[in-house]
Every structure is written in structure tokens, then in C-alpha cells.
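Below is one structure; the comments refer to it alone.
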Amino acid sequence: MIFVSAALNAAHAGGDPRRGAKIYGACAVCHSLEPNMNLTGPSLAGLWGKKAASVPDFPRYSSALKAKDFVWDENTLYAWLADPSAFVRGTYMTFRGIRDDKARGDLIAFLKIALVPDGAKTVVAQGLVPAEEARGQAPEPLKIAAPDERVTAIRHCKNTFFVTTADGKERPFWEMNLRLKVDSSATGPLGGKPVLLPAGMQGDRASLVFSTAAEIGNLIKQTCPEQ
């Protein structure tokens with residue numbers, strides 16, 4: 001085991017965090033470096049040296065990863081990033097891995113800075129990544145919405161959702177073009193006040209964001225006014 005560990009350390013020694021920061025962009029699609037910012041994947045804040053599958057308030061770990069007993073360090077990250085599904089069979093991680101040893105070493109050099117406490121602030125201060133990338137693809141705050149986004153009524157008739165907003169306008173959407181979403185985080189919509197967000201390029205699609213799953217059934221009325 002000592003020889004294996006030494007070989008792994010030699011393989012990814014001397015990685016360049018600046019090159020690694022560029023590779024990290026692929027990680028930022030699903031992860032944030034900010035504390036308590038769980039997205040598609042868990043927050044990476046303070047993860048260095050922590051047990052796998054241990055981020056609080058993240059319920060989407062696979063049983064396979066939860067059953068493992070290891071901490072995140074240079075060696076485990078080196079193996080994980082090479083091929084997550086081979087390192088932990090049954091993982092939900094869909095990332096295929098980084099086959100290039102040098103690129104993987106560069107990414108680990110960046111993560112060694114980014115995954116410690118206050119790592120997000122450090123990598124931004126050092127100019128390794130912009131603040132937006134450190135934050136990841138976190139949803140925009142929806143507590144305050146413009147009148148044309150703040151929903152006051154929703155009804156469903158035949159195959160159409162009719163959404164009325166605070167500006168007094170009612171907008172029709174084919175039921176397959178309106179995505180019903182929930183943002184229960186601290187930055188999500190106010191209770192009972194869904195938010196309509198544009199989606200797609202043609203203007204005929206949108207997302208309707210609720211603060212809880214229960215609101216979806218409570219706020220959408222099944223009604224067709226007489227023609």
C-alpha cells in the first residue's frame with residue numbers, strides 16, 4: 001500500500017492550479033464552492049479531508065457512495081476523477097472522468113486550494129476563477145420578482161396552462177411547454193407566490209417556480225370559462 005500511495009502521489013505531484021482552474025469549469029456545472037449551496041451535486045466547500053457522502057442537507061447520495069469509508073484527499077480524488085463509476089460502482093455521478101493524468105493532477109492542485117474552508121474566497125482572490133464560477137449554477141434569488149414574473153393565478157384548461165401575472169396579463173402555454181419546478185431554498189419564491197421565468201428561444205416556453213411541492217396542486221385551478 002505504501003508503494004501504491006507513493007506512486008499515486010508522484011503521478012499527480014506538481015500540478016498547476018491555474019491550469020486546473022480551467023478544467024474545474026466542467027465541475028461548476030453541477031457543484032458550488034460556496035458553503036450550503038447544494039445544486040445538482042453537493043457543495044464542495046470544505047470537502048478536503050472530509051468523509052465521502054457527508055455533506056449535510058444533501059439527500060441525493062447513492063447507497064454505494066454512502067457505504068464507502070474514505071476521505072477526500074489527493075489519492076482518493078485522483079482515483080475518483082479518473083473514473084467515478086469504476087472507483088465507486090453504483091455511484092450516481094454521471095461524469096465520465098478525466099483520463100489524462102496531467103490534467104487530473106492540475107485539477108487536484110486547484111481543488112487542494114478550493115476545497116478547504118473559505119476556499120471559494122481564496123480562489124476568487126487569487127484570480128483562479130471568477131466569483132460566478134465559484135458560486136456555480138445557483139438559481140437566481142426569487143423572493144423579489146418583477147410584475148411580469150410574479151404569478152397571481154394559474155388555471156389549466158384542456159391542454160393549456162393560463163398564467164396570470166401581477167402586471168394583469170394572462171399568458172397561455174401548451175402544457176408540455178410549461179415546466180413546474182420547486183425551489184425550497186432560502187432564495188426561492190415567497191410562499192404562495194410562484195414566479196414565472198422565461199425559457200427557450202421562441203418565447204413559447206417558461207418555468208413556473210413554486211416554494212413547495214404542495215403549492216403545485218393547491219394553486220393550479222382546473223377550470224375552463226365558458227367560451
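The values are calculated or read from the model by the stated rules, or taken from the named source; none is laboratory data. All figures in this text were calculated on a predicted structure; none of them were measured in a lab. Virtual Cβ from ideal backbone geometry, glycine too; neighbours counted across all protein chains shown.
If I filter segment 9-16 for residues that are assigned by TED's automatic domain parsing to the domain that holds Pro130, at pLDDT 95 or above and surrounded by 19 or more Cβ atoms within 10 Å (Cβ to Cβ), do I get at least one hit? Spell out the reasoning first.
Taking segment 9-16 as the starting set, the residues that turn out to be assigned by TED's automatic domain parsing to the domain that holds Pro130 are 9-16.
From the residues that got through so far, the ones that are at pLDDT 95 or above too are 15-16.
Adding the requirement that they be surrounded by 19 or more Cβ atoms within 10 Å (Cβ to Cβ) leaves 15.
So far as segment 9-16 goes, yes, one or more of its residues are assigned by TED's automatic domain parsing to the domain that holds Pro130, at pLDDT 95 or above and surrounded by 19 or more Cβ atoms within 10 Å (Cβ to Cβ).
With among the charged types (D, E, K, R) and within 19 Å of the chain's Cα centre (by Cα) as the only criterion, which of Arg155, Arg171, Arg179, Arg150 stands out? Steps first, answer last, please.
On the way: Arg155 fails: within 19 Å of the chain's Cα centre (by Cα); Arg171 fails: within 19 Å of the chain's Cα centre (by Cα); Arg150 fails: within 19 Å of the chain's Cα centre (by Cα).
Within the list Arg155, Arg171, Arg179, Arg150, the selection yields Arg179.
Take the conditions (1) surrounded by 12 or more Cβ atoms within 10 Å (Cβ to Cβ); (2) at pLDDT 95 or above; (3) under 20 Å from Ala213 (Cα atoms); Thr160 misses just one of them, which is (3). Criterion applied to Glu215, Glu226 was being free of Cβ contacts under 8 Å to residues at least 12 places away in the same chain and either more than 16 Å from Val151 (Cβ to Cβ) or out of contact with any Ser or Thr (no Cβ under 9 Å at 6 or more places or on another chain) (or both), and the one residue passing it is Glu226. When Ile113, Ile154, Ile144 are checked against the criterion of being surrounded by fewer than 16 Cβ atoms within 10 Å (Cβ to Cβ) and either in contact with a helix residue (DSSP H, G or I) (Cβ under 6 Å, 6 or more places away or on another chain) or among the β-branched types (Val, Ile, Thr) (or both), a single residue qualifies: Ile144. Every condition in (1) at pLDDT below 95; (2) buried (at least 19 other Cβ atoms within 10 Å of the Cβ) holds for Pro139 except the one numbered (2).
Among the residues examined, Gly41 does not qualify as assigned by TED's automatic domain parsing to the domain that holds Thr76, at pLDDT below 95, part of a loop (DSSP other than H, G, I, E, B) and not charged (D, E, K, R). Scanning segment 165-184 for residues that are surrounded by fewer than 17 Cβ atoms within 10 Å (Cβ to Cβ) and part of a loop (DSSP other than H, G, I, E, B) returns Ala166, Asp167, Gly168, Lys169, Glu175, Met176, Asn177, Ser184.
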